[in-house]
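The values are calculated or read from the model by the stated rules, or taken from the named source; none is laboratory data. Note that the structure is a prediction, hence the values are computed from the model and not measured. Cβ coordinates were reconstructed from backbone atoms using ideal geometry, including for glycine residues, and neighbour counts include every protein chain displayed. When the accessible area is computed, the model is the full protein with side chains, heavy atoms only, and any ligands, DNA or RNA have been set aside. Shrake-Rupley method; radii C 1.70, N 1.55, O 1.52, S 1.80 Å.
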Amino acid sequence: MRLRFETRPSDSPWVDSVWTCSSERVTTMTSVAGTRLGLVFWQQDGAAYAAVTGPETRTGTAPVPEGAVFTGIDLAVGTSLRMVSTADLLDGGVPLPDTSRRTFRLDGARWETPGPDDAEALVERLVRAGVLDREPLVADVLRGHRPDVSQRTVERRFRAATGLTRGAVRQIERARTAARLLAAGDQAADVVAKLNYFDEPHLARALRTYVGRTARQLREGAGGAIALDVDQRRTS
């Protein structure tokens, strides 16, 4: 029983990654905290579905449509939708109505349902139509730049764009990176040093809060299906 992922990074400034997934005898999975909006499309039993997913602040258990095939677009941190604030999508999402294998409806217009190779083209069309927006300050701050505005303004704009504080984004991203390193075989002590955790108990708490796995489970591939591309194939 597993989720089979393939993930590729994107060279679009609006897209972090594009992924596909199929479920094999999986009905539930461990969800993982994340910092990005997503567009998700899937087919099950001949029917088509689509949804916008919001950032997630914690791990949990989520249902998986049995036998479904997914295509997902994880948007860059700080990308937002005109139709709804990111804060309103936190720890949730919205299904998109009137979806078929060929088209879906978003922000009052109809768009072609993308495959994994069409993801960036769809996002470009959404940007040109004003459906997607982006707060450039978020990317600058995450790269370590110091904007020429007050810290209070930075925090306000950061939260408005992402639904999260700067600290929460860093903690979630660091925990996801730690999970991938552990799944690749790194020892917990090495991950603590690489990612500047205070000690192994702090790493363990972060994994429990944001990933829902222990370091040992990640190294051994134990614990069941998980919504993260650990121990799964990434394509370039």
Self-check item: Cα-based Rg / Dmax (Å) for the chain
Solution: 17.9, 53
Exercise. Please report, as a whole percent, how much of the solvent-accessible surface of segment 4-90 comes from carbon and sulfur atoms (probe radius 1.4 Å).
Key: 48
Self-check item: Alpha carbon centroid spacing (whole Å) that separates segment 121-158 from segment 1-60
Solution: 23
Quiz item: So for the pair Arg159, Arg110, with labels modelled 7 Å out along Cα→Cβ, what separation do we get in nm?
Solution: 4.1
Quiz item: In a shell of Cβ-Cβ distance under 12 Å around Thr165, excluding Thr165 itself, what net charge do Lys and Arg (+1) and Asp and Glu (-1) give?
Solution: +4
Quiz prompt | Scaled radius of gyration (Cα, divided by 2.2 N^0.38 Å) that segment 45-167 gives | solution = 1.19
Quiz item: To the nearest 0.05, how large is the calculated FRET efficiency for Arg4 and Arg205 if R₀ is 30 Å and r is the Cβ-Cβ distance?
Solution: 0.50
Quiz item: Can you give me the relative contact order of segment 43-109 as a percent, contacts being Cα pairs under 8 Å and 6 or more apart?
Solution: 49
Exercise. Output the peptides 141-154, 28-41, 190-203 sorted from most to least packed, where packing is the average of other Cβ atoms within 10 Å over each peptide's residues.
Key: 28-41, 190-203, 141-154
Practice problem: Determine the relative contact order of segment 1-136: mean sequence separation of Cα pairs under 8 Å and six or more apart, normalised by residue count, in whole percent. | Solution: 25
Quiz item: What does the helix-only formula give at 222 nm for the chain: each DSSP H stretch with n ≥ 4 adding -39500 (n - 2.57), the total divided by the residues, and the result rounded to the nearest 500 deg cm²/dmol?
Solution: -9000 deg cm²/dmol
Quiz prompt | Backbone HN-Hα couplings from phi across segment 133-147 [Karplus 6.51/-1.76/1.60, Hz, Gly and Pro as x] | solution = 9, 8, 9, x, 4, 4, 4, 4, 5, 5, 7, x, 6, 10, x
Self-check item: Whole-Hz ³J(HN,Hα) from phi, Karplus 6.51 cos²θ - 1.76 cosθ + 1.60, for segment 16-32, glycine and proline x
Solution: 7, 7, 10, 9, 10, 8, 10, 10, 10, 6, 10, 10, 9, 9, 7, 7, 10
Exercise. Calculate, for Ala87 and Glu124, the FRET efficiency according to 1/(1 + (r/R0)^6) with r their C-beta to C-beta distance and R0 22 Å; round to the nearest 0.05.
Key: 0.30
Quiz item: In terms of modelled amide H atoms, which long-range or inter-chain residues lie less than 5 Å from the amide H of Leu106?
Solution: Trp111
Quiz item: Of all DSSP beta bridges located in the chain, what percent are antiparallel, nearest 5?
Solution: 95
Self-check item: the chain, relative contact order in percent, only Cα pairs under 8 angstrom and at least six apart counted
Solution: 25
Practice problem: Return the distance in nm (one decimal) between the two label points of a simple spin-label model at Ala193 and Arg143, each offset 7 Å from Cα along Cα→Cβ. | Solution: 3.0
